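Below is one structure, written out as C-alpha cells; comments come after it.
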Amino acid sequence: MLNYTIRRLLFAIPTLLAISFIIFIVLDLSPGDPTGNLPLTIPPEVREQIRLSLGLGEPFPIRYLKWCQQFFINEPLNMIEQWTGWTIGSGERLRVLSWSTRSPVVDLVVERMPQTLWVVGMSQIVAVIIAVPIGVISAYKQYSIFDQIGTFISMIGFSVPTFFTGLILIVIFSVQLGWLPSVYDTTHRVTDWNSFWVQVRQMAMPTMVLALATTAQISRFMRASMLDNLNQDYVRTARAKGLRERSVVMIHVLRNSMIPVVTVIALGIPGVFGGAIITEQIFKVNGLGQLLILGIQGADIPLVQTLTFIFAVLIVMFNLIADVLYGILDPRIRYD
Amino acid sequence: MTEGALPAGQPVTGIVEAQSRSLWGDVWVQFRGHKGAMVGCFIFFAIVFLVLFGPMIHTVDPTYLDYRAKNSGWSLTHPLGTDNYGRDIFAQVLQGGRTSLAVGITAMLLALIVGTIVGVFAGFFRWLDGPLMRLTDLFLALPLLPLLLVVVMLFRDTLRAAFGPETGIFILIVGVIGVTSWMQTARIVRGDVLALKEREFVLAARSIGTPSRRIITRHILPNILSPIMVSATLGIANAIITESAVSFLGLGFPPDFPTWGRLVSDNQNFIGLNPQWAIIPAVAISLTVLSVNFIGDGLRDALDPRIRGR
C-alpha cells in the first residue's frame, strides 16, 4: 500500500507540471495587455518599462521556468522560514506578486484560505450527516414513500444550480424571516458563546447551499451501495446466526456500503471548491473563490494562475486520497 | 436504476406477439412506462415549444426600455410585469431561454462529438489508447470552472471583435463548455468499444476485409448509441448549468442580451423587493435541468437490456 501511495505521489508530479504548463499557456495566449488599463498619457517607453517590471520581457519558456522556480522553490522556502524562524540562504527571493495589489499571491491565498476551508469543510460534514441516514433508510425500505420522496428530492438537488438555492435561502431566511444574515462578515472574531453563535448563524446558509448539492449525490450513492450489499450472502449469514436486524444493517451492511461512498465523497470535494466560487459570490464570503473572481475581473494574471493551479492541486490530491482510501478500506482491492 | 437487476436473457413468456418488435420499439415501450421520464419529456418539450414560439405571440421586444411602465406588476401587456428599466420580464425570460437552450444543446453536441471520437479511437486503436486516456485524465484533473472563467475573460474581446458581440460570445461559451465536458463520454464510449471490438460480428467484418473506418461507422457506432444518448441528456443539463453559472458570475453574454443565468444575476440585487424577477428565470433553469435529468434517467432504464423487456 505504501509502495502504491509513493508511486501515485511520484506520478502526480508530472501531472501537476503538465497542468501548470497548460494553465500558463492559456493565460499567455490571451491577447490582453496588462498595461491596457493604465492612463493613455503614459509614454510608450515608460509603458515598456512597466511591462519589463511585471516580468513580461522574457520569452515564454523562461517566464514559465521562473514561475515554476518561484512557486515550487521560493514559496515553500519562505513558508519554512516563517514557521521556523530560520533563514535559508540570503532570505531574499523573488515571490509571485499579484499585479493589482503588488503583494505576494501566496500571502493573499493564506489570508483567504480559512474562510473557504471552513465553509467547504462544514458543508461536507453536514452533507454526510444528512445523506448517510437518508441513503440507508431509502435502500432498506426500497420503493417505500420515503424512498420515492428521497429520489425526487435528490433529483432536485442535482438539478437546481447553487445560485438558485442560495437566492431562495436568502429570500426565506434573511428577507422574510430575518433570522440569518445574508452577508458573511469575515472580520468577526469568535471570543465567547455569543460571538460563536453569530459565527454559526452566518455560516449556516453558505454551508447549507453547498451541503444540499453534495447531499443529493452522496445519498444516491449510499442507496445504491446499500442495495448492492443487502442481498449479499454475508448478510443472510448474519441474520441466520440470529443477530438483531439493527446490528445486521447498522454494523455489517453499513460498514461495507461506506467503502465506495467514502471515495465518492473524496472525489467530490474539488467540485465543492468549484461550487464555493459561486456560493462565496452570493454570500460575499471573502474566500478563495471570490479572490479568483476579483483576479479575473482585474486581469491579474499571476493571481489567477496561482489560484487555478491551487485548485488543480486540490483535485489531484483528492483523487489520490480517494484511491488510497479505497485500497485501505477494502482489502479486496490490491493495486500492486 | 429504479429496479434491481433481473437475470439477463430471461425469456419473455406468456405474451403472444402480434407483430415483430424492433429494438427501438422495445426501448420506447419501456421508456413510456417510466413516469418521471414522461413528465420530464412533457415539461422539456413544453419549455422548448414556449421558448421557440412564445416570442411570436408575445411580441414585446425584450430589450425595449419602457420607463413609464417600469416596476409594474402583472398585467395583460406584461404578463410577468416589468423590471426596474421597464423591460418586459416574460419576453426576457423567453429570449433568455432561447439563448440558454441553444448554448446547452450546441455545447452538448460538441462535447458528444469530441467525446465519441476520442472514445472510439482510444478503444479501437490500441496504440492510441494510452495517449488519449492520459489526455482524458489530464483534462479531468483540470479545475474546470476556474479555467472556464479565465478563458471566457481572456478571449472575450478577441472573439467579440471577430464575430460580433453576440455570436462571438456564443462561440466562445459553447466552445469552452464543449471542450471541458467531453471526458465522461469518452471514458464510457471507450469502455463499450473495447468490449464490442472483441465480439464475433466485428471479427467477421474484419475477416471479409472491411476497413477499420467502415467497421467503426457500420458496426461500432450503432452499438454504442445508447450510452451516447444517456450522456447527451447529462450533457445538456451540465451545459445549461455551466452557462448560467458563468453568466451569473457576470462573465457571459453582454448585459443587453438576456440569458437565464444573466437575468438571475442582474435581478439578484432586487431579491428583497421583487424576488420574482430573479426567481422566474432560476425556476426556468431548474425545471429544464430537472426534466432533462429525468429523461436521462428514463433513457438509462429503457436502454438497459437487463431491465428492458420484462
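Structural remarks
- With respect to (1) more than 18 Å from residue B:180 (Cβ to Cβ); (2) more than 7 Å from chain A (Cβ to nearest Cβ); (3) under 19 Å from the mean Cα position of the chain (by Cα), the lone exception for residue B:243 is condition (1).
- Residues in the stretch A:166-187 that are in contact with a Ser or Thr (Cβ under 7 Å, 6 or more places away or on another chain) and under 16 Å from residue A:287 (Cα atoms): A:182 only.
- Any hit, the stretch A:182-195, residues being among the aromatic types (Phe, Trp, Tyr), at pLDDT 80 or above and surrounded by fewer than 17 Cβ atoms within 10 Å (Cβ to Cβ): yes
- Which listed residue, of B:130, B:164, B:123, is more than 24 Å from the chain's Cα centre (by Cα), touching a residue at least 24 places away in the same chain (Cβ under 8 Å) and more than 13 Å from chain A (Cβ to nearest Cβ): B:123
- Residue in the stretch A:25-37 that is at pLDDT 75 or above, in contact with a Leu (Cβ under 8 Å, 6 or more places away or on another chain) and surrounded by 12 or more Cβ atoms within 10 Å (Cβ to Cβ) present: yes
- For residue A:255, the conditions (1) in a helix (DSSP H, G or I); (2) within 22 Å of residue A:122 (Cβ to Cβ); (3) of a type outside the set (A, V, I, L, M, F, W, C) are fulfilled apart from (2).
- For the stretch B:231-279, a residue qualifies if it is β-branched (Val, Ile, Thr) and buried (at least 20 other Cβ atoms within 10 Å of the Cβ), and the qualifying residues are B:233, B:236, B:240, B:241, B:242, B:246, B:259, B:264, B:271.
- Scan of the stretch B:261-277 for residues that are free of Cβ contacts under 8 Å to residues at least 24 places away in the same chain and facing chain A (nearest Cβ under 10 Å), ordered by number: B:264, B:265, B:268, B:271, B:272, B:273, B:275
- Any hit, the stretch A:284-292, residues being within 11 Å of another protein chain (Cβ to nearest Cβ) and not hydrophobic (A, V, I, L, M, F, W, C): yes
- Checking every residue in the stretch A:133-142 against the condition of being modelled with pLDDT of 90 or more, over 30 Å from residue B:298 (Cα atoms) and surrounded by 18 or more Cβ atoms within 10 Å (Cβ to Cβ) gives zero matches.
- Exclusive hit being modelled with pLDDT under 85, under 25 Å from the mean Cα position of the chain (by Cα) and small (Gly, Ala, Ser), set B:107, B:91: B:91
- Of all the numbered requirements in (1) under 11 Å from the mean Cα position of the chain (by Cα); (2) surrounded by fewer than 23 Cβ atoms within 10 Å (Cβ to Cβ); (3) facing chain B (nearest Cβ under 8 Å), residue A:318 misses one, and that requirement is (3).
- Test: residue in the stretch B:114-130 that is crowded, with 19+ Cβ neighbours inside 10 Å, out of contact with any helix residue (DSSP H, G or I) (no Cβ under 6 Å at 6 or more places or on another chain) and among the aliphatic types (A, V, I, L, M): no
- Residue selection: residue A:278 satisfies the criterion of being assigned to a helix (DSSP H, G or I) and at the interface with chain B (Cβ under 7 Å from one of its Cβ atoms).
- Listed conditions (1) surrounded by 24 or more Cβ atoms within 10 Å (Cβ to Cβ); (2) closer than 14 Å to residue A:115 by Cβ are all met by residue A:304, apart from (2).
- Residue A:287 vs. criteria farther than 20 Å from residue A:75 by Cα, modelled with pLDDT under 85 and buried (at least 20 other Cβ atoms within 10 Å of the Cβ): yes
- Residues in the stretch B:203-234 that are within 28 Å of the chain's Cα centre (by Cα), away from chain A (no Cβ under 14 Å) and touching a residue at least 24 places away in the same chain (Cβ under 8 Å): B:216, B:220, B:221, B:223, B:224, B:226, B:227, B:228, B:229, B:230, B:231, B:232.
- Residues located in the stretch A:159-181, provided they are of a type in the set (A, V, I, L, M, F, W, C) and surrounded by 17 or more Cβ atoms within 10 Å (Cβ to Cβ): A:160, A:163, A:164, A:167, A:168, A:169, A:170, A:171, A:173, A:180
Listed here are the residues, each with its yes/no results for (1) modelled with pLDDT of 80 or more; (2) over 30 Å from the mean Cα position of the chain (by Cα); (3) crowded, with 16+ Cβ neighbours inside 10 Å; (4) within 28 Å of residue B:93 (Cα to Cα).
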| position | (1), (2), (3), (4) |
| --- | --- |
| B:6 | no, yes, no, no |
| B:18 | no, yes, no, no |
| B:56 | no, no, no, yes |
| B:66 | no, yes, yes, yes |
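- Entry remark, the stretch A:281-336: residues being in a helix (DSSP H, G or I), in contact with a helix residue (DSSP H, G or I) (Cβ under 8 Å, 6 or more places away or on another chain) and more than 19 Å from residue B:146 (Cα to Cα) number 9 in total.
The values are calculated or read from the model by the stated rules, or taken from the named source; none is laboratory data. Everything numeric here is computed off the predicted structure, so don't read it as measured data. So basically every Cβ, Gly included, is an ideal-geometry build from the backbone, and we count neighbours across all protein chains shown.
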